[in-house]
1. Of all strands (runs of 3 or more DSSP E) completely enclosed by the stretch 102-208, which ones contain at least 2 residues that are touching a helix residue (DSSP H, G or I) at 6+ places or on another chain (Cβ under 7 Å)?
2. So if I check each of Ser315, Ser281, which one is in contact (Cβ under 8 Å) with a residue 60 or more places away in the chain, among the hydroxyl-bearing types (Ser, Thr, Tyr) and crowded, with 23+ Cβ neighbours inside 10 Å?
3. Could you please tell me which pairs satisfy a Cβ distance under 7 Å, a separation of 6+ or placement on different chains, a first residue in the stretch 40-64 that is closer than 11 Å to Cys16 by Cβ and among the polar types (S, T, N, Q), and a second residue that is at pLDDT 95 or above and part of a helix (DSSP H, G or I)?
4. List the pairs whose first member sits in the stretch 147-172 and is touching a residue at least 60 places away in the same chain (Cβ under 8 Å), whose second member is hydrophobic (A, V, I, L, M, F, W, C) and part of a loop (DSSP other than H, G, I, E, B), and whose Cβ atoms are under 6 Å apart, counting only residues at least 6 apart or on separate chains?
5. Give just the number: which of (1) assigned to a helix (DSSP H, G or I); (2) over 19 Å from Arg253 (Cα atoms); (3) among the hydrophobic types (A, V, I, L, M, F, W, C) does Ile73 not satisfy?
6. Could you tell me which residue of the stretch 177-208 is nearest to the chain's Cα centre (by Cα), considering only residues that are among the charged types (D, E, K, R) and under 11 Å from Leu121 (Cα atoms)?
7. Keeping to the stretch 165-185, report how many residues are surrounded by 22 or more Cβ atoms within 10 Å (Cβ to Cβ) and either touching a Phe, Trp or Tyr at 6+ places or on another chain (Cβ under 7 Å) or not aromatic (Phe, Trp, Tyr) (or both).
8. Return a yes/no flag: does the stretch 327-346 have any residue that is in contact with a Ser or Thr (Cβ under 6 Å, 6 or more places away or on another chain) and surrounded by fewer than 19 Cβ atoms within 10 Å (Cβ to Cβ).
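The values are calculated or read from the model by the stated rules, or taken from the named source; none is laboratory data. Quantities reported herein were computed from a predicted structural model and do not represent experimental measurements. Here Cβ is always computed from backbone atoms with ideal geometry, including for glycine, and neighbour counts include all displayed protein chains.
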Amino acid sequence: MATTYLVAGGAGFVGCSLAIAFKRHYENMRVVGLDNLKRRGSDLNIPRLHAHGIDFVQGDVRNKEDLKGFQDIDVILDCSAEPSVLAGQGSSCDYVIGTNLYGTINCLEVARASRADFVFLSTSRVYPIGLINGLKYREASTRFELADEQEVPGATTRGFSEALPLSGARSFYGTTKLCSELLVEEYIDLYGIRGVINRCGVIAGPWQMGKVDQGFVTLWVARHVFGGPLAYIGFGGTGKQVRDVLHIDDLYRLLETQLRELGRFSGMVFNVGGGQAMSVSPLELTEICAGVTERRIPIASIAETRAADVRFYVSDNLKVEQATGWKPTRTVSEIVEDIAGWVRAYERDVRPILGCDD
């Protein structure tokens, strides 16, 4: 494995978790985390990074000056993002565009100058909202299900593959990530760097500071431990919309595999998620959380569907599984148990963040 890793977004949930995982497995590797600490709770990760021998630099990927000092980098993991699909709705879109697009360009420039390999964590949100919601579904007792026959390519009973069309609106978050994907492909082609793009579904695990618009599994678990408001939002307020969930440790295993043989995977785009077996609706998640925490809490119902909500998204992992041999292993119940154990162990630190009402 390469010797120096730069993790953009290194104090965020995904970036910090991956930085620590690589350092644990490769003690002689130098790992540097860069983060602007905008996300509430990200400062809690700095002592964790230092404890594992990881260098932390406070900086912003939007600012070229903050990236000038990075030289002789072997691998860049671009985990930096404004991850909310609601970003820019009713407010300025400057931050989401600056971070998710210009930030990627600045990271790519470091890769170009250092001849570094580049791993880009994109999102399932690159796929158009109207297209997804316009597919054929059936309503079961606890979830919506994708109908067997679809007229749109890339939509099957396994979920959504990379063949799903990309034409249509998808939120500022999804759009900036898709634009960044195209730039990554151009840098790979024009400058000869090696890189891979992973369109991730919902990622979850300990140390995620979940909110309503991002990190809903952690939010659900934390509210069952601490109490506080929860609501089934959209599509009639039944809690039946479905997402697949991927444990952060399973994502690490994939990235390690990809980086070991990046020559094989360079330029490829993969849908990466928990898949059908690790999919869950909020209604089903409530039952899992109640079982793990031994507590039931009231959950409100808001029938109105927000502009960025999708009825169903499950990653079809067939391409990445065939290419790499990787498969996710952690079930939704195991993910909930892992998060609940972390919340309880670090209750004093995380209650002010996860126990609040916003």
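1. So the answer is 117-123, 195-200, 202-204.
2. Exactly one residue qualifies, and that residue is Ser315.
3. Within 7 Å, the pairs are Asn45/Cys16.
4. So the pair list comes out as Gly154/Ala163; Gly154/Leu164; Gly159/Val314; Ser171/Val85; Ser171/Ala308; Phe172/Ala87; Phe172/Cys93.
5. Answer for Ile73: the failing condition is (1).
6. That would be Arg199.
7. Matching residues across the stretch 165-185 total 7.
8. no
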